[in-house]
Amino acid sequence: MKKTFILSVLCASLIAGSTSVYAASTGEIEGPIQQVTAVASDGRTRASWGYGTLTHANPIGRKPWAYATSSTYNGNCNVIKARVKVESGGETDYTSWAIKYNSPSAPSATIIARTETNVTFYGLHDFQDTSASGWQHAITSARY
């Protein structure tokens, strides 16, 4: 009975007419989920062991979010790490380091900004190819 009544009201409202909806822009437009990529480097060698990707979005009416993924081009790294730093509302927050051993990638946890505007995300990406090698780093960023 209750379902029949709800369906009747819904059908009547659809038949009665349509409603126009307008939205105003405040200077920030929500886009789809976006990605920023940076190549890892140690500042000396030309070869890169991998790259970092910051995946982020700014949903309308909600706070922006992001997560970082560190990935190799081919094969595994001895140690691969990813983390996100976010500056918003005058505060700085971090995810825990995602650390993987002998792995091709490491995805961090997702972090949500404290505010909806004036937000900067930084993806921090670290790579160690072998236990005897040094470290390569990449930093990605996005701002809302």
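Applying the selection to region 83-113, what residues are over 11 Å from the mean Cα position of the chain (by Cα) and open to solvent by 80 Å² or more (accessible area, probe 1.4 Å)?
G90, E91, Y94, S96, W97, K100, Y101, N102
Right, V79: within 13 Å of G50 (Cα to Cα) and crowded, with 17+ Cβ neighbours inside 10 Å or not?
Numbers: within 13 Å of G50 (Cα to Cα): yes; crowded, with 17+ Cβ neighbours inside 10 Å: yes.
When the stated conditions are applied, V79 passes them.
In region 39-115, which strands (runs of 3 or more DSSP E) lie fully inside it and hold 3 or more residues that are at pLDDT 95 or above, among the hydroxyl-bearing types (S, T, Y) and in contact with a strand residue (DSSP E or B) (Cβ under 8 Å, 6 or more places away or on another chain)?
50-57, 65-72
The values are calculated or read from the model by the stated rules, or taken from the named source; none is laboratory data. Note that the coordinates shown come from a computational prediction; the quantities given were computed from them, not determined experimentally. Reconstructed Cβ throughout: ideal geometry from the backbone, glycine too, with neighbour counts over all protein chains shown. Surface areas here come from the heavy atoms of the whole protein model, side chains and all, with no ligands, DNA or RNA. Shrake-Rupley method; radii C 1.70, N 1.55, O 1.52, S 1.80 Å.
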